[in-house]
1. Kindly provide the set of residues from the range A:311-334 that are within 11 Å of A:Gly297 (Cα to Cα), outside any loop (DSSP other than H, G, I, E, B) and open to solvent by less than 30 Å² (accessible area, probe 1.4 Å), ordered by number.
2. For the range B:45-66, which residues satisfy the criterion of being surrounded by 20 or more Cβ atoms within 10 Å (Cβ to Cβ) and either on the phi > 0 side of the Ramachandran plot or within 16 Å of ligand 5 (Cβ to nearest atom) (or both)?
3. Is it the case that A:Glu59 is more than 23 Å from A:Gln262 (Cα to Cα), within 14 Å of another protein chain (Cβ to nearest Cβ) and away from ligand 2 (no atom under 16 Å from the Cβ)?
4. Do you know which of the residues in the range B:313-329 that are open to solvent by 80 Å² or more (accessible area, probe 1.4 Å) and in contact (Cβ under 8 Å) with a residue 24 or more places away in the chain is nearest to the other protein chains (Cβ to nearest Cβ)?
5. From the list B:Leu123, B:Leu136, which one is within 16 Å of B:Leu103 (Cα to Cα) and either hydrophobic (A, V, I, L, M, F, W, C) or out of contact with any Lys or Arg (no Cβ under 9 Å at 6 or more places or on another chain) (or both)?
6. Of the residues that sit in the range B:180-189 and are of a type outside the set (A, V, I, L, M), open to solvent by 10 Å² or more (accessible area, probe 1.4 Å) and within 16 Å of ligand 2 (Cβ to nearest atom), which one is nearest to the other protein chains (Cβ to nearest Cβ)?
7. Just checking, which of A:Val125, A:Val181 is away from ligand 5 (no atom under 16 Å from the Cβ), buried (at least 16 other Cβ atoms within 10 Å of the Cβ), away from every other protein chain (no Cβ under 14 Å) and over 19 Å from A:Gly215 (Cα atoms)?
8. Quick one: which strands (runs of 3 or more DSSP E) sit completely within the range A:29-123 and have at least 2 residues that are within 16 Å of ligand 1 (Cβ to nearest atom) and without any contact (Cβ under 8 Å) to a residue 24 or more places away in the chain?
Amino acid sequence: MTTTATTPQTQTLVRIEDLQVHFPVMQGLIFQRQVGSIKAVDGITFDVRQGETLGLVGESGCGKSTTGKAILQLERPTGGKVYFEETELTAAKGESLRQQRREMQMIFQDPYASLNPRMTVGSIVGEPLEVHGLATGKEKRDRVAELLHIVGLNPKFITRYPHEFSGGQRQRIVIARALAVNPKFIVADEPIAALDVSIQAQVVNLMQKLQDELGLTYLFIAHDLSVVRHISDRVAVMYLGKVVELADRVALYENPLHPYTQALLSAVPIPDPTIEAKRERIILEGDVPSPTNPPQGCRFHTRCPVAIEACRYAPEPEFKDAGDGHFVACHLVH
Amino acid sequence: MPLLDVKHLQTRFYTGEGVVHAVNDVSFHVNDQETVGIVGESGSGKSMTMLSVMRLIPQPPGKITQGEVMFEGQDLLQLSLPAIRRLRGNRISMIFQDPMTSLNPVLTVEKQLTESIRVHMKLDKVAARDRAIELLEHVGIPAARDRIRNYPHQFSGGMRQRVMIAMGLACDPKLLIADEPTTALDVTIQAQIVELVKRLKEELNMAVIWITHDLSLLASLADRILVMYAGQIVESAPLDQLYANPRHPYTLGLLQSIPRLDEAQKAELKPVDGMPPDLMDYPQGCPFAARCPYVIDRCHTEDPTLEPVSDRPNHAVACWVKPNGAAVLETARAIAH
Ligand SMILES: Nc1ncnc2c1ncn2[C@@H]1O[C@H](COP(=O)(O)OP(=O)(O)OP(=O)(O)O)[C@@H](O)[C@H]1O
Ligand SMILES: Nc1ncnc2c1ncn2[C@@H]1O[C@H](COP(=O)(O)OP(=O)(O)OP(=O)(O)O)[C@@H](O)[C@H]1O
Ligand code: SF4
Ligand code: SF4
Ligand SMILES: [Mg+2]
Ligand SMILES: [Mg+2]
C-alpha cells in the first residue's frame with residue numbers, strides 16, 4: 001500500500017502546460033491541402049506529482065493516448081509545453097531528448113501487439129539496455145533475469161517467444177522491458193484492458209508493488225473507472241480533448257463536480273444487485289461529437305443534462321481550482 | 001415448461017493440433033420473459049454454447065457431439081436446416097459483439113432491415129419500410145426516416161449497435177440472445193444500450209440471454225446468472241444469491257478480484273492465480289483445480305457435476321466443496337474496514 005493519499009507529496013515530476021496536439025486533415029489527391037484538424041488534445045494543463053499515480057479516464061477518442069504520447073514526445077505537441085523535472089521536453093532534441101526518454105517509459109494497451117513475435121523474451125527485455133548502452137553480455141543477461149524475477153516471471157523463460165505466454169504473462173514482459181532502463185515515470189496506456197478479469201488483478205497488484213519498491217510515478221490511462229479508483233491517488237477526467245475535472249481520488253469519486261464526471265460515474269455498474277436496484281442513472285443523450293469540430297462554448301453542452309443557455313455561447317469554461325486542488329471546468333461550479 | 005431447455009450440450013472442434021473441448025455437458029434453461037446472464041472469461045465457451053443452440057457452429061471444424069436443445073416444444077438439434085433458418089431471426093434472434101461483422105457494409109440499413117422483415121413477416125415493400133422506421137425509432141435512432149437510407153459506417157458505434165438490436169427485434173422474437181453487445185462501447189453508451197434492452201424487454205415480452213465477461217454489468221440486468229469456466233457451467237444462481245452467497249470458488253474468486261466503484265481502499269486486490277486450462281488438453285477432474293484455493297484430493301480425479309445446493313433449489317454449483325461464499329465475503333469486508 002502506498003501512503004501518498006494521506007501524506008501529500010507536492011513535488012512535481014511532470015508539468016503539462018496548455019498541451020495541444022492537432023492532427024491535420026488533408027484533402028485532395030495530387031495537391032494535398034489541409035482542410036481542417038482533429039483536435040485530439042486541445043489545451044490541457046496539469047501536474048504529475050513525484051511518486052503518485054495519476055489516473056486519466058474518459059471515453060474512446062477523447063485524447064488519452066495522444067496525451068500520454070505527447071508527454072513522452074512520442075507524438076510531438078503542436079502547442080504548449082511539457083516539463084520533466086527541470087527540463088522542457090518540448091524544446092529538447094536529439095541526444096538530450098534521448099537521455100530524458102530513458103527516464104520515461106510507456107506501456108501500451110495490447111500486450112499481443114507490443115511484443116515482437118520473432119524475438120525471445122531475453123532480447124525483448126534486454127533491448128533497451130543495449131539501445132541506451134547500459135549493459136551487454138553477461139551483465140545484460142543478469143539484469144534481464146533480475147527484471148523477469150521482479151515482475152514475477154521465471155528467469156528460465158529468457159529463451160522463449162511471446163506466443164508461448166498468456167496475456168497476463170505478456171503484459172509482465174512488457175512491464176519488465178519498460179523497467180529495464182530504471183525509469184522514474186511510466187505512462188501505462190490501458191495496461192490491463194486486453195486481459196481477462198481474473199488476470200487483471202495480478203497485473204494491477206504488480207504495478208502497485210513495483211511503485212512501492214522502485215518509487216515509480218504513473219500516469220495510468222484507463223476507461224475502467226473502478227480500476228482507476230483502486231489504483232490512483234488523483235484522477236483526471238477528459239472529454240473531447242480537454243481535461244474537465246481533476247481531483248484527489250476520494251474527492252473525485254465521492255464528490256464529482258463536473259456534470260460529465262457525474263454521468264460517467266453513474267454509468268459504471270456495481271457488482272451488487274441491492275445497490276444497483278437503488279441507483280439513479282444519469283443517461284447521457286447521443287454520442288461524443290467529432291474532435292474536428294468541437295461544439296462552441298462548453299464542448300459538453302450538446303450532451304450536458306444541466307446545461308444553461310450561457311453554456312452554448314459564453315467562452316469555454318475555465319479549468320480552475322474549486323478548492324483543495326479540485327479542478328473543474330464548468331460554469332455552474334465556482 | 002421453460003422457453004428454452006438445454007440438456008447435456010457438448011461441442012467439439014476438430015483441428016489439426018487436436019480436439020478443442022469448447023462446450024462440455026452444458027445444461028440450463030430460460031423461462032418465458034426471463035433475463036439470463038452468462039458470464040465467463042475469454043474462451044470459456046459462452047459464444048460457442050449459444051452458437052450451438054442456434055446451430056451456427058462452423059462445421060467443420062466444429063461439431064455438436066451430444067445434447068438436446070428444446071425450444072417451444074421442439075429439439076432444435078433435430079430440425080432440418082430450412083426449419084432452423086425459419087426460426088432464426090424470427091422466434092430467436094442473436095446480436096453480436098461487433099456490429100460491423102454482422103452488418104453488411106455495402107447495403108443501406110433500410111435494405112438490411114426490410115429484407116428480414118419481408119422474409120419473416122411476409123409484408124410488402126411499403127409496409128416493411130414503415131415497420132423498419134418504426135423499429136429504428138423504437139431503439140432511439142433520431143430522424144429514423146432519413147437515417148434509414150444511410151450505410152452502417154455512417155453511424156457511430158453505439159448507433160450501429162442500436163441498428164443491430166432493431167434488426168434482432170424485427171420479427172418480435174420470443175428470445176433475444178445478446179453476445180457481448182456492449183463490450184466495444186463506452187460506459188455511457190453501454191448504459192444507454194442496457195436501458196434500451198430493459199425497456200424493450202418489458203414492452204415486447206421476450207426473454208433475453210445476455211453474454212458478458214463483466215459480472216458488474218449483470219447486477220442491474222439479469223434475473224439469473226450462469227457462470228462458465230472451461231466450457232462448463234460451474235454455477236447457476238438467482239441474481240441476489242450469486243453476488244451475496246456464491247458457492248463456487250471461481251465465482252467467489254471473480255467477485256473478490258474486481259475492484260468496485262463504491263469501494264475506496266487502495267489495498268491489494270485478490271487475483272485468481274494462474275490461468276484457465278488448455279481446452280485442447282482438458283484436465284482430468286475439476287477444470288478449476290489448478291487455481292482453486294479450496295482444492296481437495298477428490299478434485300483431481302473426479303469432475304463435479306452441476307447440482308443444486310441443498311437448501312436452495314434454484315442455486316446449482318459444480319464443486320465438491322461448495323464453500324460458504326457469504327461468510328468469506330463477510331470476513332473480507334470486515335478485514336477491509
Ligand atoms: N495519428 C493520428 N492521426 C490522426 N488522428 C489521430 C491520430 N491519433 C489519434 N487521432 C485522433 O485523435 C483523437 C484522440 O485519439 P486517442 O487515441 O488519443 O484517444 P483515446 O482517448 O486514447 O481513445 P481510446 O480510449 O479509444 O484509446 C481521436 O479522434 C483519434 O481518432
Ligand atoms: N473455429 C474454431 N476452431 C477451434 N477452436 C475454436 C473455434 N472457435 C472457438 N474455438 C474454441 O472454443 C473455445 C470457446 O470459445 P468461445 O468463443 O465460446 O469463448 P467465449 O467464452 O465466447 O470467449 P470470448 O469472451 O473471448 O468471446 C475457445 O477455447 C476457442 O478457442
Ligand atoms: S459549462 Fe454548462 S454545458 Fe458545460 S458542463 Fe457546465 S453546465 Fe454543462
Ligand atoms: S471441485 Fe474442488 S477444485 Fe473444483 S472448484 Fe470445487 S473445490 Fe475447487
Ligand atoms: Mg487510447
Ligand atoms: Mg465470445
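1. A:Cys311
2. Hit for the range B:45-66 is B:Gly45, nothing else.
3. Answer is no for this residue.
4. B:Asn314
5. B:Leu136
6. The residue in question is B:Thr183.
7. Going through A:Val125, A:Val181 in turn, the sole match is A:Val125.
8. Once the strands (runs of 3 or more DSSP E) in the range A:29-123 are filtered for at least 2 residues that are within 16 Å of ligand 1 (Cβ to nearest atom) and without any contact (Cβ under 8 Å) to a residue 24 or more places away in the chain, what remains is A:33-49.
The values are calculated or read from the model by the stated rules, or taken from the named source; none is laboratory data. Only a predicted model underlies this, so the values are computations on that prediction, with no experimental measurement involved. FYI the Cβ positions are ideal-geometry reconstructions off the backbone, even for glycines, and counts take in every protein chain you see. Quick note on the areas: whole protein, heavy atoms, side chains included, nothing else; ligands and nucleic acids left out. Shrake-Rupley method; radii C 1.70, N 1.55, O 1.52, S 1.80 Å.
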